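A.B. asks: Attaching a single structure in structure tokens format; questions to follow.
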Amino acid sequence: MTTPIFDLIKGDVYAGISGIDLNFESLDLGDGVLLSKTSAHVLAPYMVVFDTDQSGRSESSDVLNKSFVRDPDGTKWVNVTDKTEVIPAQREYAIAAELYFPVGVLSAMGVDRIFLIRWIIALLRIWSAPTASVPIITNMSFGAALETNERLIFPFETEPRGIHLEMPSGRSQNLDRLSWVKGCWKPGLELAKKHKELHLAVQAIDQAHFVHDWALGVLLIWAAIEGLFSPSRSELQFRISALISSYLEPPGDQRLVLHKQLIKLYEGRSAAAHRRSSIDRNVFFESMQLLRRIIVKMISDSQVPSKDDLEARLFGG
């Protein structure tokens, strides 16, 4: 079995973040996890290695043995010869921050490092930085990487985005703006470990940034919402809309207004599922905002409501 490349990093992990601007030097998120300002640039070219000569004879052994010198751990090539062609960078990322995970926190949380990186970045995108992404992870701080040959750098989130969202206040992040992420990432993680439907909802809203089809995005979002609020398969449109509105709003006019809005959104979900018509992108954005509001409330309350909880709210119990 092939060892995952990320497992080659045995110690601390650093996630390079692009798409945000920090107006502070560092923020301790707790348990040793540190968000800090840094600076680096990631270019994303491709390298083509030609393994045959003009006569068609395989030269793969010559290429491997003579044209390249591999590091002892086999993680990268150096001394490239003219048997390669480097395609100019198609994408470029400006790394403005790094998220540090000490090796101890990875075992203490009871999850693997990739899970933990994705969890905190997902909450950051949900709360205040939808433009944030992690193109690369490494085994050392970006500030120290230039001074050693012991660095290991791996691509992470390099796929192009299909959806581009940005907060009205822009990409700048201050300490107050990140207080929710700081206070909620750990209890939220414990909650998600107990409630798979919440974890799937966070994954759904996070992966929605990378879909390239409005209808697919709507289905992804509403599948997560149904997982959180669907007590049965019957009368889904009315029941889910009623349960969500009673969860998010107290009894009164605003609950009724939200319920009617949700009925319309659910109609958009049905249209996406059956391809009855083209999907208005606003259906996607409003559905995504709805799921965001639900997730934030559940994590803030440290509770995923049960069927009984939801029905008690619905009927005023």
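A.B. asks: Exactly one of (1) in the same structural domain as ILE117 (by TED's automatic domain parsing); (2) of a type in the set (D, E, K, R); (3) at pLDDT 90 or above is unmet by GLU159. Its number?
C.D. replies: Unmet for GLU159, out of (1) in the same structural domain as ILE117 (by TED's automatic domain parsing); (2) of a type in the set (D, E, K, R); (3) at pLDDT 90 or above: (3).
A.B. asks: Within segment 250-270, does at least one residue satisfy the condition of being touching a helix residue (DSSP H, G or I) at 6+ places or on another chain (Cβ under 6 Å), surrounded by fewer than 20 Cβ atoms within 10 Å (Cβ to Cβ) and outside any helix (DSSP H, G or I)?
C.D. replies: No.
A.B. asks: Further, regarding this structure: I'd like the full set of residues that are among the polar types (S, T, N, Q) and either assigned by TED's automatic domain parsing to the domain that holds GLN289 or part of a strand (DSSP E or B) (or both), limited to segment 127-141.
C.D. replies: Hits for segment 127-141 are SER133, THR138.
A.B. asks: In segment 293-306, how many are crowded, with 17+ Cβ neighbours inside 10 Å and assigned to a helix (DSSP H, G or I)?
C.D. replies: 4
A.B. asks: Next question, about the same structure. Which numbered condition trips up ALA144, out of (1) in a loop (DSSP other than H, G, I, E, B); (2) free of Cβ contacts under 8 Å to residues at least 60 places away in the same chain; (3) closer than 22 Å to VAL103 by Cβ?
C.D. replies: (1)
A.B. asks: Quickly run through segment 147-181 and pick out the residues that are in contact (Cβ under 8 Å) with a residue 12 or more places away in the chain and not in a loop (DSSP other than H, G, I, E, B).
C.D. replies: Once the filter is applied, which keeps residues that are in contact (Cβ under 8 Å) with a residue 12 or more places away in the chain and not in a loop (DSSP other than H, G, I, E, B), segment 147-181 yields ILE153, PHE154, PRO155, SER172, GLN173, TRP180, VAL181.
A.B. asks: Now for a separate question. Residues being among the hydroxyl-bearing types (Ser, Thr, Tyr) and closer than 30 Å to ASN282 by Cβ: count how many of those fall in segment 119-175.
C.D. replies: 6
A.B. asks: Can we say ILE153 is of a type in the set (Val, Ile, Thr) and at pLDDT below 90?
C.D. replies: In short, yes.
The values are calculated or read from the model by the stated rules, or taken from the named source; none is laboratory data. Not measured: the values here are computed from a predicted model. Note that we place each Cβ from the backbone using ideal geometry, even for glycine, and neighbour counts take in every protein chain shown.
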